[in-house]
1. Rank Ala286, Ala178, Ala69 by mean-square fluctuation in a GNM of the chain with C-alpha springs under 10 angstrom and give only the top-ranked residue.
2. So if I take the centroid of the Cα atoms in region 171-208 and the same for region 50-76, what is the distance between those two points in Å?
3. Can you pull the three principal axis extents for the Cα set of the chain, in Å, largest first?
4. Among the complete DSSP H segments of the chain, which ones combine at least 20 Å of alpha-carbon extent along their axis with a mean Kyte-Doolittle hydropathy of -0.5 or more?
5. Under a no-solvent Debye model with one identical scatterer per Cα of region 117-191, what's log10 I(q)/I(0) at q = 0.12, 0.16, 0.27 Å⁻¹?
6. Among Asp278, Asp51, Asp220, whose mean-square fluctuation peaks in a Gaussian network model of the chain (Cα, cutoff 10 Å)?
7. Let me have the relative contact order for region 5-309, percent, based on Cα pairs under 8 Å that are six or more residues apart.
8. For a quick size check, give me the Cα extents of region 61-143 along its three principal axes, largest first, whole Å.
Amino acid sequence: MPVTPEVQSFLDTLVAMGMPPTHEQTPAEVREGYRALSAMTSTVDVGRVTDRTIPGPGGDIPVRVYEPAGGPATDRPGLVYLHGGGWVIGDLETHDSTVRRLVDGSGVVAVSVDYRLAPEHPFPAAVDDSLAAVRWVADNAGELGIDAARLAVGGDSAGGNLAAVVCQQLRDSGPRLAFQLLVYPATDGTLSHPSIDENGEGYFLTKDTMLWFRQHYLGDGDRTDPRVSPLHASDEALAGLPPALVITAEYDPLRDEGEAYGERLRAAGVPTTVSRYDGMIHGFFAMADLVPEGKTAIDEACTVLRAALSGDRPDRL
């Protein structure tokens with residue numbers, strides 16, 4: 001099917017705005033534009049929101065803690081959320097609406113992480129900060145009102161990449177994670193899957209933008225390092241990972257590698273749902289105000305999170 005009318009209207013609006021392509025701008029310019037675009041989304045109320053910093057390998061890491069309204073104040077399920085933006089853009093503000101919706105719909109306590117960005121802090125800074133944040137949340141679960149045995153990690157795009165990497169890196173050392181939410185994750189730094197070219201122009205995220213992100217983040221580094229490309233991890237490294245929900249979009253350049261990662265997880269014995277949204281583009285998960293499928297995908301993520309973190313696995317996982 002073609003992109004939906006709502007998505008086409010969004011794409012037409014972007015063209016009418018006449019903004020230069022991402023890969024022709026500086027990181028600072030793209031960050032400013034991304035913040036402006038994200039500020040157009042509505043928010044929902046949650047119980048409490050607290051900004052703080054936590055210790056990290058390169059200095060303090062800003063985080064934002066979201067508590068759901070009502071319910072018990074202790075032993076609640078938790079979610080560490082890692083924002084998207086190609087490891088170059090994005091922050092606590094750009095993903096505030098998305099995290100609020102996940103908290104409101106699932107009842108988790110969410111900790112959103114403002115990890116260091118490239119090119120100022122190239123790979124593996126984002127990985128190191130993400131690992132430090134998950135470990136900190138697990139170590140301080142009681143203070144946060146979280147049941148450490150019901151802690152998930154999630155993210156979109158580059159954040160989905162980091163969430164997948166975190167699960168692999170912590171599998172043996174702990175803390176043990178209960179679930180992974182991977183929203184159109186970047187899983188293969190080689191950019192070699194068919195959808196990279198099939199959907200590489202005209203659908204918001206372009207191949208040129210992805211190359212720009214990768215160069216800033218990785219430079220000439222090893223594109224098959226599993227900390228960059230979780231799809232390239234060994235079968236042994238995938239076995240025993242937390243159950244997963246992988247959400248993809250039909251017209252996303254990252255579609256094929258996200259779905260390939262889901263299949264790798266399944267083949268390794270990991271309970272995994274791969275959910276493709278037809279007619280959608282990269283970024284739709286944050287577009288609940290613009291496209292009905294954005295709200296549907298949020299609802300799906302919340303339903304699966306509630307079930308997975310209650311100890312009652314969804315049948316379809």
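1. Comparing Ala286, Ala178, Ala69 in the GNM, the peak value goes to Ala69.
2. What the calculation gives is 26 Å, centre to centre.
3. Principal extents (largest minus smallest coordinate, Cα): 49, 42, 41 Å.
4. Helices meeting the span and hydropathy rule in the chain are 125-139, 292-309.
5. -0.34, -0.58, -1.30
6. Asp220
7. Rounded, it is 18 percent for region 5-309.
8. 42, 26, 15
Bear in mind that the values in this text are calculations on the coordinates, not laboratory data. All values derive from a computational prediction rather than experimental measurement. Ideal geometry is used to build each Cβ from the backbone, glycine not excepted, and the neighbour counts take in all protein chains shown.
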